[in-house]
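Data first, discussion second: the structure below is written as structure tokens.
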Amino acid sequence: MEESYILITGGAGYIGSHVNRLLNSKGFRTLVFDNFVTGHRRFVQWGQLVHGDLRDSAQVEELFNRYPIGSVMHFAAFAYVGESMASPAKYYRNNLLSTINLLDAMVRHGVDGLVFSSSCATYGQSTEIPIKEDHPQQPLNPYGQSKLMDEVIIKDYCRAYGLNAVALRYFNAAGAGIDAVIGEWHEPEPHLIPIVLDVALGKRQYVDIYGDDYSSPDGTCIRDYIHVQDIAEAHLKALLHLDKVKGWEVFNLGNGNGYSVRQVIAAAERVSGRAIASRVCERRPGDPVCLVGSSAKAREVLGWKPGFAEIDTIVETAWRWQTRLNELLKKPL
Ligand code: UFG
């Protein structure tokens, strides 16, 4: 039989492209399916590419008819917390419909292994730090809700149709491959680290700090920044773990270290050697004060260990990418 593909939905996006690259370097045959709404063609430099949209069930069916698919990694989703507060319909329609169409095709074609991109945004306000996988899930924004609903749907499909799924709940993905070939690139960019680095590069005048009156030591929100390469390694381990999964299993992916918005700005100043202007503004609706995860389970069961623990080393890789991205954007594809 022809060797099967690992289907990577959203493989042209930030995290999906790093996973696609890693899997190819390990000899896997990958099939990237992306609609390029937020992904980038130049990020798909490995594997086979199909341009298409998961919201269109006929296109998904055609994909599964055409290619032998062994298992699936599902990244494709809208993922901006702030935008999801303003446009919840966009988030529910896209993130839920895409997942259902994908799962239906998997069931119809007897593809039973799934690694799902979930999020710490499914937890909401933390009642204990670090957050473990059994922490209550009460999302504060529609993005987190949509990921939680996806989890519920996938769990039900596992139970009813015999799928096996691993959900990985990432904390704040950050950084870029150390050779800066691919990295973080959103338009518009809502995320803290690239915004702060754009200030260092002179592309923005200042960074808005979304609230400094939170119940944290310096009043700004705390996040657990986890390097995208470490997230990619965890996906490889999750893929290899799939045949041991009976139904559904979930793992947090974080460093276990929390950094405030101000601490991230300070790290970016150290790494870039430049002053970074900021101004305090209103809180961003939907933001929990503190998200720091325990990844003890992923370490124990998957044998995963993040290689980048310090914020400076994470920001360093982002800085190298961000300076390159500026050059890249000036060149045509
Ligand atoms: N922030 C600012 N100013 C900015 C941008 C962000 O102060 O210009 C703050 C945010 O309020 C937040 C922190 O910096 O407190 C990090 O914000 P990001 O937008 O970089 O990341 P989020 O925490 O909102 O969201 C990210 C991913 C989600 C994921 C979530 C989990 O986008 O997919 O992490 O926290 F679910």
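Within the listed set Gly27, Gly82, Gly11, the Gaussian network model of the chain (springs between alpha-carbon atoms below 10 Å) gives the highest mean-square fluctuation for Gly27.
Taking a label point 7 Å from the Cα of Ala58 along the Cα→Cβ vector, which residues of region 79-101 have an amide N closer than 18 Å to it? Flagged as within label range: 98, 101.
Taken along the Cα-to-beta-carbon direction at a fixed 7 Å, the label points for Arg42 and Ala277 span 2.9 nm.
Annotation: extensible slack from Ala296 through Gln125 equals 59.5 nm (criterion: 0.36 nm per residue apart, minus Cα-Cα distance).
Helix 261-272 versus the longest principal axis of the chain: what angle, 0 to 90°, nearest 10, using Cα atoms? The two axes meet at around 80 degrees. Each of Asn65 and Thr323 was given a label point 7 Å from its Cα along the Cα-to-Cβ line. The distance between the two points is 5.1 nm.
Listed cross-link partners Lys26/Lys132; Lys26/Lys246; Lys237/Lys305; Lys90/Lys132; Lys155/Lys244 are compared with a 19 Å cut-off, the Cα-Cα value being larger for Lys26/Lys132; Lys26/Lys246; Lys90/Lys132. Placing unit charges on each Cβ (+1 for Lys and Arg, -1 for Asp and Glu) gives region 8-139 a dipole about its Cα centre, and among Tyr92, Ser119, Leu49 the Cα reaching farthest toward its positive end belongs to Leu49. Each of Trp304, Trp46 was scored by other Cβ atoms within 10 Å of its Cβ. Arranged with the fewest first, they read Trp46, Trp304.
Ordering His227, His18 by the number of other Cβ atoms within 10 Å of each residue's own Cβ, fewest first, gives His227, His18.
Going by neighbour counts of Cβ atoms within 10 Å, the residues Met85, Met106, Met73 line up, fewest first, as Met85, Met106, Met73. With Cα atoms defining each centre, region 81-105 and region 193-212 are spaced 29 Å apart in the structure. Taking label positions 7 Å along the Cα-Cβ direction at both Lys331 and Leu240, the computed distance is 3.4 nm, reported to one decimal.
None of the figures in this text is laboratory data; all of them are computed from the coordinates on show. It should be emphasised that the depicted structure is a prediction, and the values quoted were computed from it without experimental measurement. Every residue, glycine as well, gets a Cβ built from its backbone with ideal geometry; the counts of neighbours run over all protein chains shown.
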